[in-house]
Amino acid sequence: MQKTFRVGSHVWWNSEGGRASGRIVKVHRMDVNYKGYIHHATRKEPQYEIKSDATDHVALHKGSVLHRVRR
């Protein structure tokens, strides 16, 4: 089953520098050109635009690498 998230979801993922976390600000369901790279997305497998909790960095990831932050 594909993991799905919505705008406002608080998520974490493994990055090169360790665990990163942030909030989803947009869900892309069609291919999107971001920083010169085409991120492939479909309705069934969207790309999630995430604003980092620690910095102003914005990342795009598929749901398969994201995990919901538990309180």
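The values are calculated or read from the model by the stated rules, or taken from the named source; none is laboratory data. Bear in mind the structure is a predicted one, so any value in this text is a computation, not a measurement. Here the Cβ positions follow ideal geometry from the backbone for every residue, glycine too, while neighbour counts run over all protein chains shown. With ligands, DNA and RNA removed, areas are computed over all heavy atoms of the protein, side chains included. Shrake-Rupley method; radii C 1.70, N 1.55, O 1.52, S 1.80 Å.
Per-structure values
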| quantity | calculated |
| --- | --- |
| Residue match in region 10-22 (condition: polar (S, T, N, Q), open to solvent by 70 Å² or more (accessible area, probe 1.4 Å) and in contact (Cβ under 8 Å) with a residue 12 or more places away in the chain) | yes |
| Selection count where residues are more than 15 Å from Arg43 (Cβ to Cβ) and in a loop (DSSP other than H, G, I, E, B), scope region 4-25 | 5 |
| Selection count, region 35-53, where residues are under 17 Å from Ser9 (Cβ atoms) and open to solvent by 30 Å² or more (accessible area, probe 1.4 Å) | 4 |
| Pair list, Cβ under 7 Å, 6 or more apart: region 24-42 residue free of Cβ contacts under 8 Å to residues at least 12 places away in the same chain, other residue of a type outside the set (Gly, Ala, Ser) and surrounded by fewer than 10 Cβ atoms within 10 Å (Cβ to Cβ) | Asp31/Ile38 |
| Options Val32, Val25; residue that is over 12 Å from the mean Cα position of the chain (by Cα) and either open to solvent by less than 90 Å² (accessible area, probe 1.4 Å) or β-branched (Val, Ile, Thr) (or both) | Val32 |
| Contacts under 7 angstrom Cβ, first residue in region 43-65 being in contact (Cβ under 8 Å) with a residue 60 or more places away in the chain and of a type outside the set (Val, Ile, Thr), partner in a strand (DSSP E or B) and open to solvent by less than 20 Å² (accessible area, probe 1.4 Å), 6 or more apart | Gly63/Tyr48 |
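Each row is one residue, and each column tells you yes or no for (1) touching a Leu at 6+ places or on another chain (Cβ under 8 Å); (2) hydrophobic (A, V, I, L, M, F, W, C).
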{"site": "Phe5", "(1), (2)": "yes, yes"}
{"site": "Gly8", "(1), (2)": "no, no"}
{"site": "Val25", "(1), (2)": "no, yes"}
{"site": "Met30", "(1), (2)": "no, yes"}
{"site": "Pro46", "(1), (2)": "no, no"}
{"site": "Glu49", "(1), (2)": "yes, no"}
